[in-house]
4 protein chains.
Amino acid sequence: MISLLRVVAVSTVALALAAGIDQRIAEAQAPTGSAGPIDPALIEDLVVANRVLAQEGLFDAYGHVSVRHPANPNRYLLSRSLAPALVTAGDILEYDLDSNPVDPKGERSVLERFIHGEVYKARPDVTAVIHSHSPTVVPFSVTGVPLRPVMHNATFLWVGVPVWEIREAGGPGTDMLVRNGALGKSLAAALGDKPVALMRGHGNVVVGPDIPTAVRYAYYTEVNARLQAMAIALGGPITYISPEEGAARDKSPGDFARAWELWRKNALGK
Amino acid sequence: MISLLRVVAVSTVALALAAGIDQRIAEAQAPTGSAGPIDPALIEDLVVANRVLAQEGLFDAYGHVSVRHPANPNRYLLSRSLAPALVTAGDILEYDLDSNPVDPKGERSVLERFIHGEVYKARPDVTAVIHSHSPTVVPFSVTGVPLRPVMHNATFLWVGVPVWEIREAGGPGTDMLVRNGALGKSLAAALGDKPVALMRGHGNVVVGPDIPTAVRYAYYTEVNARLQAMAIALGGPITYISPEEGAARDKSPGDFARAWELWRKNALGK
Amino acid sequence: MISLLRVVAVSTVALALAAGIDQRIAEAQAPTGSAGPIDPALIEDLVVANRVLAQEGLFDAYGHVSVRHPANPNRYLLSRSLAPALVTAGDILEYDLDSNPVDPKGERSVLERFIHGEVYKARPDVTAVIHSHSPTVVPFSVTGVPLRPVMHNATFLWVGVPVWEIREAGGPGTDMLVRNGALGKSLAAALGDKPVALMRGHGNVVVGPDIPTAVRYAYYTEVNARLQAMAIALGGPITYISPEEGAARDKSPGDFARAWELWRKNALGK
Amino acid sequence: MISLLRVVAVSTVALALAAGIDQRIAEAQAPTGSAGPIDPALIEDLVVANRVLAQEGLFDAYGHVSVRHPANPNRYLLSRSLAPALVTAGDILEYDLDSNPVDPKGERSVLERFIHGEVYKARPDVTAVIHSHSPTVVPFSVTGVPLRPVMHNATFLWVGVPVWEIREAGGPGTDMLVRNGALGKSLAAALGDKPVALMRGHGNVVVGPDIPTAVRYAYYTEVNARLQAMAIALGGPITYISPEEGAARDKSPGDFARAWELWRKNALGK
């Protein structure tokens, strides 16, 4: 029995956005060779993202983070199937937007890579995608309690956090995994134009215009979930971040480089 | 006063399974010599299991994990009484299914080893057994709230998690420990054909077809207990993993090697 | 919609105190040169404060701590914009009380430094100021539940913990940050003569007569918030620290050097 | 206003025991020289106890643990005022039972050492005393919810956990600290013949027949408090450890050396 609260209302805005995606992306097809070499600094950022999300407890042995190929929007970069804490530059593979590896190098691909490919198709504004089992968002995904921002570093949640119900696309008997493009497309539609969507009984997908922003969004989504859960336990009405505050913060330049500098140091020791 | 909710309904399926165990197991008797040398890789896996369950907080100074002898199903391997974080290959002893050490080597045996012996007798499908005081399962064991899967990595709990009440077998005045075969047999009967059973006011027993699977089950049982407790605290109805989803996941090959690779590295530094 | 409980009642005592501040502070103006060299031991204490508040989980990549210049009460010392865990002596800059850097050295200043300058203006008794996102105080800041002392090491909270609502001073559309002197002044007025004020949906400001005391106040404010939240979850009436007990402890010499000695060692390895 | 539930019912048994203490203890007076050298192994155990209680989170910069002098029951050994994580053998001082240092060596004594002296006077069966701010017991100390055993490793709590209200002995205006013998005596009377008493808004006192047992009691009191709090949060009636089970476990030899071996290794690296 699925609660009505679990049914995600995909906004027409999001659908329109998904329909109007960049023409280059729509033309994605089977890979016919690499889109070219990548700046080692970008690969290093991807390695940092893997490790820091493990260090901060958003990843255990699972979870993955990708970046769109800077030379070709129809490609993305993602580690082979490997615990994120162990990822190094040599583990990164290139995929097309149907999530076929350009050169699998004999390695096993992440089962749920379709999350990444389908989000990149639907969201030309997105350059980085994270899928995590961020622990404190899972309880929000299985109850009717909406995740809402209570803290200024999570104001980006003010636009709402949809909950994707895999049964809507996959029927009642899935194994809960995003194993193909159809499921990934459904998840991307639920995400719409938002930065974060929860996946019922599973985790979340978090997107951003670059790797550091996506990592920051994922980290503060988890922090906010903890704070909101504590506030609920205290009892009484909660003053959430208002739409005006959220919108103002969206436009405000912040000290965001501080966090990435710390995380790089923690992840790489430099 | 024992709540009716604490009384474990041992399924007839489980009892039938226990009755129909492998004939070789039923013939177990006092040990008359080792069942033979063990592959060092299997012993290393057992050492990894001890250490990783300590690192992940499921073991403190207590808790134990065993593996059935690969050459003789009437034998199992278990560390001498030692804090799991300190276990090395040299600490592993061999036991028969009545939990007599084949060669005690002058060492103290784990008091509650009967958990292992009796489960191996009752469950020919089981190759690894864990007993832990996994912290977040204890609260579920003393309340009427059933532990149920809320997260896709704990779908294996969909078959139900029995709670074993030691008073059913041992009367009102036990010291809470599984000190003999009769108590171990009662616990194994409560476990039935399930992967996990809780022990009231004590912890749990977790079984699997191999060491990595049993460790994964134990780890995600703890994770799920935390998530379910948080979901309950949020209030409102909870969408649990459905039987269809659980059954589908049981049959789905997963990226499970990822977790073991990480845990080995964390436990052994390699 | 702002709950009445969120509206901070600024005490007339505090306003009078703010009006009667030290004449030297009132004469603060644009900086015209450093107030002079600082004892390296004081700078080291400031570095310790940054690092220990990170180690104890009150700071993540954000949060800051300052000290009033010992030679000139119209100046204060604060790290450039940098994650607190990374701060070293070379990162400390000097500011006037309007929070202009005396010599920015080409570095980015902390956006919310106005918290520090305005508190130093309003509180001549204060020598150290901390701004943190101390995790467990945020839930208290967004609910109507007042933070009150439950533990003897947090008795300093007996005077009450105001909650500052940024909308009172900045209107409904701020980005939640204390970006200018007017907002800082409003926060300082809400703080009044207290050691701690919460900032709605943000964190807190904590002040003290010296760095170790301010750090101790910040640390035990977080500890007390956790204990109070747990006590509330247990249910039933709570026996808070009474005004008599709080006042008695305010006057009692304590073993407070013990904590600083440990924190120095943890922060500096010496 | 003190809840009736906070008023500790000092059992007549405990008072009788306190009255009938060992005659040698009753004759305690001002120290006139050391009771003699101590086995370095006992001092090392005391150092281990200090460090492990810090590592396990029961001590922060505060908390202390003592042992009765093996050669003279009228003396006890306790570190000078120092964060427990930093204690070494050279920091241990000798005290008489009025808590006067035999030779202060120019060091500051722990303010609340009277807890130790008065408990040793009242309890000839006790050889080790711990005072901690064990985090999860404080919420139980300020609510009417009694701490009761839910887990088999905390069965020793079955005899009940009194809560000492300092106002009963010290009046409404204490600074919450056990600063003299009269307060210590009142606390010891509240403890009675139990292993653990809570101190309202403060922490607990835990006693045992030797150092490892007292540390084990302190550790599992904290663990049990966490589990009981979680069980209460789950809702519904709780099955506590019964008196029969508690009494049976009191008499049962356990694998207790395992824990001390691990803790020694964690504390000393050997």
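The rows are residues; the columns are (1) crowded, with 23+ Cβ neighbours inside 10 Å; (2) outside any helix (DSSP H, G or I).
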| residue | (1), (2) |
| --- | --- |
| B:125 | no, yes |
| B:131 | yes, yes |
| B:139 | yes, no |
| B:148 | no, yes |
| B:175 | no, yes |
| B:178 | yes, yes |
| B:184 | yes, no |
| B:188 | yes, no |
Test set (1) within 14 Å of another protein chain (Cβ to nearest Cβ); (2) closer than 18 Å to residue D:131 by Cα; (3) open to solvent by less than 20 Å² (accessible area, probe 1.4 Å); (4) aliphatic (A, V, I, L, M) - residue D:197 fails condition number: (1)
Scope the stretch C:47-70; condition under 14 Å from residue C:213 (Cβ atoms) and either out of contact with any strand residue (DSSP E or B) (no Cβ under 9 Å at 6 or more places or on another chain) or among the aromatic types (Phe, Trp, Tyr) (or both); matching residues: C:48, C:52
Number of positions in the stretch D:190-204 that are touching a strand residue (DSSP E or B) at 6+ places or on another chain (Cβ under 9 Å) and part of a loop (DSSP other than H, G, I, E, B): 4
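Report whether or not residue B:89 is more than 18 Å from the chain's Cα centre (by Cα) and of a type in the set (Gly, Ala, Ser). Explain how you work it out, then say what you get.
Details: more than 18 Å from the chain's Cα centre (by Cα): yes; of a type in the set (Gly, Ala, Ser): yes.
Yes: the conditions hold for residue B:89.
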Unique residue being of a type in the set (S, T, N, Q), modelled with pLDDT of 75 or more and surrounded by fewer than 18 Cβ atoms within 10 Å (Cβ to Cβ) when the list is C:88, C:12: C:88
Any chance residue C:206 is open to solvent by less than 30 Å² (accessible area, probe 1.4 Å), within 14 Å of chain A (Cβ to nearest Cβ), in contact with a helix residue (DSSP H, G or I) (Cβ under 9 Å, 6 or more places away or on another chain) and of a type outside the set (S, T, N, Q): no
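Please count how many residues of the stretch A:121-138 are farther than 21 Å from residue B:259 by Cβ and in contact with a Ser or Thr (Cβ under 8 Å, 6 or more places away or on another chain).
Residues of the stretch A:121-138 farther than 21 Å from residue B:259 by Cβ: A:121-129.
Retained after the next criterion (residues that are in contact with a Ser or Thr (Cβ under 8 Å, 6 or more places away or on another chain)): A:128-129.
Here the count works out to 2.
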The lone exception for residue B:115 - which of (1) aliphatic (A, V, I, L, M); (2) touching an Asp or Glu at 6+ places or on another chain (Cβ under 7 Å); (3) over 24 Å from residue D:228 (Cα atoms); (4) buried (at least 21 other Cβ atoms within 10 Å of the Cβ) it fails: (2)
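In the stretch B:136-180, what count of residues is obtained for those that are under 22 Å from residue D:247 (Cβ atoms), facing chain D (nearest Cβ under 10 Å), in contact (Cβ under 8 Å) with a residue 60 or more places away in the chain and β-branched (Val, Ile, Thr)? Break it down into steps so the answer makes sense when it comes.
To start, the set of residues in the stretch B:136-180 that are under 22 Å from residue D:247 (Cβ atoms) comprises B:138, B:141-142, B:164-180.
If we keep only those that are facing chain D (nearest Cβ under 10 Å) too, we end up with B:138, B:141-142, B:165-167, B:170-177, B:179.
Adding the requirement that they be in contact (Cβ under 8 Å) with a residue 60 or more places away in the chain leaves B:138, B:141, B:165, B:167, B:177, B:179.
Still in the list and also β-branched (Val, Ile, Thr): B:138.
Going through the stretch B:136-180 one residue at a time, the tally reaches 1.
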Evaluation of residue A:265 against (1) assigned to a helix (DSSP H, G or I); (2) open to solvent by 10 Å² or more (accessible area, probe 1.4 Å); (3) more than 14 Å from chain C (Cβ to nearest Cβ) (one fails), failing number: (3)
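Please go through the stretch C:258-268 and pick out each residue that is in contact (Cβ under 8 Å) with a residue 12 or more places away in the chain and of a type in the set (A, V, I, L, M, F, W, C).
Answer for the stretch C:258-268, where residues must be in contact (Cβ under 8 Å) with a residue 12 or more places away in the chain and of a type in the set (A, V, I, L, M, F, W, C): C:259, C:260, C:263, C:267, C:268.
Looking at the stretch C:181-194 only, could you name the residues that are out of contact with any Phe, Trp or Tyr (no Cβ under 6 Å at 6 or more places or on another chain) and more than 14 Å from chain A (Cβ to nearest Cβ)? So that I can check it myself, show each step before the final result.
Our first condition is that a residue be out of contact with any Phe, Trp or Tyr (no Cβ under 6 Å at 6 or more places or on another chain); within the stretch C:181-194, this holds for C:182-183, C:185-186, C:188-189, C:191-194.
If the condition is that a residue be out of contact with any Phe, Trp or Tyr (no Cβ under 6 Å at 6 or more places or on another chain) and more than 14 Å from chain A (Cβ to nearest Cβ), then C:182, C:185, C:186, C:188, C:189, C:191, C:192, C:193, C:194 are the ones that fit.
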Total residues in the stretch C:43-80, condition of a type in the set (Gly, Ala, Ser) and part of a helix (DSSP H, G or I): 2
Filter result (surrounded by fewer than 15 Cβ atoms within 10 Å (Cβ to Cβ) and either at pLDDT below 95 or assigned to a loop (DSSP other than H, G, I, E, B) (or both)) within the stretch D:230-249: D:235, D:236, D:237
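Yes/no per residue for (1) more than 18 Å from the chain's Cα centre (by Cα); (2) within 14 Å of chain A (Cβ to nearest Cβ); (3) not in a loop (DSSP other than H, G, I, E, B):
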residue	(1), (2), (3)
C:82	no, yes, no
C:95	no, no, yes
C:104	yes, no, no
C:109	no, yes, no
C:112	no, yes, no
C:119	no, no, yes
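Results for (1) modelled with pLDDT under 95; (2) at the interface with chain A (Cβ under 9 Å from one of its Cβ atoms); (3) in a helix (DSSP H, G or I); (4) at positive phi, shown as yes or no for each residue.
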position: B:215; (1), (2), (3), (4): no, no, yes, no
position: B:220; (1), (2), (3), (4): no, no, yes, no
position: B:228; (1), (2), (3), (4): no, yes, yes, no
position: B:252; (1), (2), (3), (4): yes, yes, no, no
position: B:261; (1), (2), (3), (4): no, yes, yes, no
Checklist (1) more than 12 Å from every other protein chain (Cβ to nearest Cβ); (2) in contact (Cβ under 8 Å) with a residue 60 or more places away in the chain applied to residue C:72, failing item: (2)
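The values are calculated or read from the model by the stated rules, or taken from the named source; none is laboratory data. Treat the numbers as computed from the prediction; the structure is a model and nothing was measured. No Cβ is skipped: glycine too gets one built from the backbone with ideal geometry, and neighbour counts run over all protein chains shown. Keep in mind that these areas ignore ligands, DNA and RNA; they rest on the heavy atoms of the full protein, side chains included. Shrake-Rupley method; radii C 1.70, N 1.55, O 1.52, S 1.80 Å.
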